[in-house]
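Asker: Would you mind keeping the following structure in view while I ask a few things?
Quick note: the coordinates plus some simple rules give every number you see, no bench work behind them. Since we're looking at a predicted model, the values are computed, not measured. Positions of Cβ are backbone-derived with ideal geometry, glycine not excepted, and every protein chain shown enters the neighbour counts.
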Amino acid sequence: MVVGGGLAGASAALELVRQGHTVTLLEARPTLGGAVQTLPEREGDPPPPPDNGQHVALGCCAAYLSFAEEIGQAAALQRRPLWMPVYDEDGRMSAIGAGPLALLRYRHITFRERVQVARASLAIGKLDPAAHDGESFGAVLRRLGTAPRVIDRFWDVFVRPALNLPSDEASAALGIFTVKTALLGPRGASDLVLPVQPLGAIHHTATQQALAARGVTVRLGARVAELAVGDAADAAVLDTGERIAGELFVVALPPAEGARLLGEPDPGLEDSPIVSVHLQFDRELLGPPLAALIGSPAQWVFDRGRITGHPPARGQYLTVVASGVPELLDVRGRNVVDLIAGELTSRLGPAELLWSRVSREPRATFACRPGSAARRLGPATARPNVARAGAWTATGWPATMESAIISGRVAASYLA
Ligand SMILES: Cc1cc2nc3c(=O)[nH]c(=O)nc-3n(C[C@H](O)[C@H](O)[C@H](O)COP(=O)(O)OP(=O)(O)OC[C@H]3O[C@@H](n4cnc5c(N)ncnc54)[C@H](O)[C@@H]3O)c2cc1C
């Protein structure tokens, strides 16, 4: 039995089926996908309806890519070589591409600073991530001769979305791991992988179909209130009082909820938020399909209309993502729309806003601060027939879709 229908739970269910088990998956919400959702449709939304936040994977996310294949959704992901256009405060664009030559052409830092970045990257390639969880990635970068302005104008462009925290707040272990795995990895490791279908179509609809096709019983709206394990008949007890008997259990939940069900202390990982603002303007503002804005709360902008193959009849449909910015959670209602739309129009040119929608995810990921590695637990629990999963568990990856898929497979294999 699997408790939790996020990516960790879905991948655990598929792995348990591979091992020959009959599987039931219990998910509290009316949809699968967990943190990866399409927002419930509202009148006036442009097609496709907005997601809870733009999700991006990388070429090195082998487990997530194979999961997409397994659920028949490989074509719903578009893979392209790393090319990240970055706009500075004056609206000038320069792109970060894959490889050292592309780096040397990145004009938002001086040539000397680019050489500094190259040297720091080489040094990072020799570091062992596990030895650096006690300090921030920013501290490591500075020790390697990186100026704070280079952290802001180069490193944080991709560290912040990858770790959902800026370099100065994130564990160096995960910063080093990400640079080594994605930027210094084999050819194609840094490719950008973007969903071209709504997240719900992939991670709810297609996942549910794939699970059903393999005989998994998926119960939505089934909130597990208690795990009665160690009794004569082990069972998950729903909040309705219904008991669902099982032999093996994978608990694929966020850390605090998982700990509650397992009767363990909360591992005490902090949350890190993501705020997404969906905007339709009356004209095209963004030339490339995606871009970063330096020194702005509008950190990353995606042309959702173009990426999903649905450019609106009029203007442009954009999704703006702000990662690890808790202060944005307090900017309420229209103010956050005005703030983000203003950031875009001041850099990219004037335009009239036709439609907007905001998605706030205060618990988007755990905050991978220095010292968090010790709080990330493995699959083993106090009970031999119960395993733990979730993107937050000790996979070595930041809190990503990749981590979730790996954790589900590891938990199921642990029970084998
Ligand atoms: C806005 C946003 C943007 C993101 N961007 C990216 C990105 O670009 N790239 C990337 O790789 N990752 C990204 N992430 C992170 C990624 O989505 C998550 O790390 C991953 O999906 C977590 O999966 P999970 O299965 O571990 O947990 P969850 O998705 O949290 O799944 C847990 C499930 O358990 C269910 N549940 C909870 N309690 C119970 C209960 N008592 N009984 C039954 N079910 C229960 C929940 O409803 C949920 O469905 C983003 C996350 C958000 C929110």
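Asker: Trypsin sites (Lys or Arg not before Pro), restricted to region 50-131: which are DSSP loop and have at most 16 other Cβ atoms within 10 Å?
Answerer: Arg92, Arg105, Arg107, Lys126
Asker: Can you give the charge dipole size of region 224-291 about its Cα centre, rounded to the nearest 20 debye, using +1 on the beta carbon of Lys and Arg and -1 on the beta carbon of Asp and Glu?
Answerer: Once rounded to the nearest 20, the dipole reads 240 debye.
Asker: Here's another thing I want to ask about it. Can you sort Ser190, Ser413 so the residue with the fewest Cβ neighbours within 10 Å comes first?
Answerer: Lowest to highest Cβ neighbour count: Ser413, Ser190.
Asker: Determine, for Leu65, Leu104, the number of other Cβ atoms within 10 Å of each Cβ, and report the residues in order from fewest to most.
Answerer: Leu104, Leu65
Asker: Starting with the fewest neighbours, write out Arg304, Arg18 ranked by other beta-carbon atoms found within 10 Å of each beta-carbon. Walk me through the numbers on the way to the answer.
Answerer: Working: Arg304 26, Arg18 14.
Placing the least packed residue first, the sequence is Arg18, Arg304.
Asker: Here's something else I'd like to know. Run lengths n ≥ 4 of DSSP H only: what is the helix-derived mean residue ellipticity at 222 nm for the chain, with -39500 (n - 2.57) per run over all residues, to the nearest 500?
Answerer: -8000 deg cm²/dmol
Asker: Going by average Cβ neighbours within 10 Å, how do the peptides 138-150, 365-377 rank, with the highest at the top? Intermediate results must be reported in sequence, preceding the final value.
Answerer: Working: 138-150: 17.2, 365-377: 19.4.
Ranked from most to least packed, the peptides come out as 365-377, 138-150.
Asker: Moving to a separate point now. Taking amide hydrogens as modeled 1.01 Å from N in the peptide plane, which residues meet the under 5 Å criterion relative to Leu354, leaving out close sequence neighbours?
Answerer: Amide H neighbours of Leu354, under 5 Å, 5+ apart: Gln280, Phe281, Asp282.
Asker: Specify, per residue and in Å³, the volume enclosed by the convex hull of the alpha carbon atoms belonging to the chain.
Answerer: So the per-residue hull volume is 135 Å³.
Asker: Could you please tell me the mean projected area of the C-alpha convex hull for region 271-366, averaged over all directions and given in square nanometres to one decimal?
Answerer: On the way: hull surface 23.5 nm².
Mean shadow area of the hull around the Cα atoms is 5.9 nm².
Asker: Here's a follow-up. Percentage of Cα-Cα pair distances in region 94-190 greater than 16 Å, rounded to whole percent? Intermediate results must be reported in sequence, preceding the final value.
Answerer: Values: 2368 of 4656 pairs.
Above the 16 Å cut-off, region 94-190 has 51 percent of its Cα pairs.
Asker: Right, next: Can you give me the orientation-averaged projected area of the convex hull built on the Cα atoms of region 39-108, in nm²?
Answerer: Computed as one quarter of the Cα hull surface, the answer is 7.5 nm².
Asker: Lys/Arg Cβ at +1, Asp/Glu Cβ at -1, dipole of region 153-196 taken about the Cα centre: which of Ala172, Ser190, Val157 is farthest positive-ward?
Answerer: Comparing the listed Cα positions along the dipole, Ser190 ranks first.
Asker: Mind checking the dipole of region 256-341: about its Cα centre, +1 per Lys or Arg Cβ, -1 per Asp or Glu Cβ, Debye to the nearest 20?
Answerer: For region 256-341, the charge dipole is close to 540 debye.
Asker: With +1 on each Lys and Arg Cβ and -1 on each Asp and Glu Cβ, how big is the dipole of region 38-150 about its Cα centre, in debye rounded to the nearest 20?
Answerer: 920
Asker: OK, next. Of Leu318, Pro384, Gly349, whose Cα points farthest to the positive end of the dipole of region 289-416 (charges on the beta-carbon: +1 Lys, Arg; -1 Asp, Glu; origin at the Cα centre)?
Answerer: Of Leu318, Pro384, Gly349, it is Pro384.
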